[in-house]
Amino acid sequence: MARSVSRKAEVARDESRPVEMPNLGVLHEIWQLGGSRNLPLHLVLVAKLIDRYFSALLAQHSTLSIAEWRVVAQLAMLETSTVRKMARQACVDPAEVSRSAAGLVKRGLVKREANDRDRRSPQFSLTSRGAAEFARFRPHWENLSNTLLGRLDAEEAAAFERGLARFARVCLDLMGE
């Protein structure tokens, strides 16, 4: 077993095999820095590109910011949550979630209620207006996801998802979580 794992590692590190790269335009030069061993930079660049596109998509089809969308989307899935839990799940600063939730409460998209288990940590949930905003923007979110995965076949998409989950696990392990 250990031998097959180390063999997989050798294959992953084998830079003698050419990798077919798409035309990355303005990113070409920076993408080449460090070669294939610069995975963290590549992931950061892709995340930034998605953030930039997603921000423009929100501006075009919604009144929400990215931070507000994270709150609305989590509440749509979880039904209720606290600032601490939403921040932890989104890997962001609780102050960012708190500001977003407060703004969404003022706009009538989110409802804030006392938490009987911990009075310092209120529970948040979507109002009907918040649920409608989520439902209105969700098709754009799903279209973005489908577009990103659209050039992969089902097997490649599943492998990509497993790989991302493993990267996330490694990062959590490195942070002791």
| request: Inspect all residues belonging to the stretch 103-120 and state whether any of them is closer than 21 Å to LEU148 by Cα and surrounded by 15 or more Cβ atoms within 10 Å (Cβ to Cβ). | output: no
| Name the pairs whose Cβ atoms lie under 6 Å apart, with the first residue in the stretch 106-133 and closer than 14 Å to SER62 by Cβ and assigned to a loop (DSSP other than H, G, I, E, B), the second among the polar types (S, T, N, Q) and modelled with pLDDT under 90, and 6 or more positions between them or separate chains? | none
| said: With the structure loaded, tell me whether ALA168 is at pLDDT 95 or above and in a helix (DSSP H, G or I) or whether it fails that test. | reply: no
| query | Does ALA95 satisfy being small (Gly, Ala, Ser) and closer than 23 Å to ALA67 by Cα? | reply | yes
| Mind checking which residues of the stretch 34-49 are closer than 16 Å to LEU148 by Cβ and of a type in the set (Gly, Ala, Ser)? | ALA47
| message | Considering only residues that are in contact with a Phe, Trp or Tyr (Cβ under 8 Å, 6 or more places away or on another chain), aliphatic (A, V, I, L, M) and within 29 Å of GLU79 (Cβ to Cβ), which ones fall in the stretch 135-177? | response | LEU144, LEU149
| query | Of (1) modelled with pLDDT of 95 or more; (2) over 16 Å from the mean Cα position of the chain (by Cα); (3) closer than 24 Å to LEU57 by Cβ, ALA87 satisfies all except one. Which? | reply | (2)
| Take the residues of the stretch 62-102 that are within 10 Å of SER125 (Cα to Cα) and in contact (Cβ under 8 Å) with a residue 40 or more places away in the chain: which is surrounded by the fewest Cβ atoms within 10 Å (Cβ to Cβ)? | GLU79
| task | Restrict the check to the stretch 35-52 and report whether at least one residue is under 25 Å from SER98 (Cα atoms), of a type outside the set (Asp, Glu) and not in a helix (DSSP H, G or I). | result | no
| request: Output the qualifying pairs, or none if there are none: Cβ atoms under 9 angstrom, residues six or more apart or on different chains, first residue in the stretch 136-165 and in contact (Cβ under 8 Å) with a residue 40 or more places away in the chain, second residue surrounded by 10 or more Cβ atoms within 10 Å (Cβ to Cβ) and among the hydroxyl-bearing types (Ser, Thr, Tyr). | output: ARG136/SER62; PHE137/SER62; HIS140/SER62; LEU144/TYR53
| Residues (over 17 Å from the mean Cα position of the chain (by Cα) and of a type in the set (Lys, Arg)) located in the stretch 120-145 | ARG120, ARG129, ARG136
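The values are calculated or read from the model by the stated rules, or taken from the named source; none is laboratory data. Here the structure is a predicted model, which means the values were calculated and not measured. Every residue, glycine among them, receives a Cβ derived from its backbone with ideal geometry; neighbour counts consider all protein chains shown.
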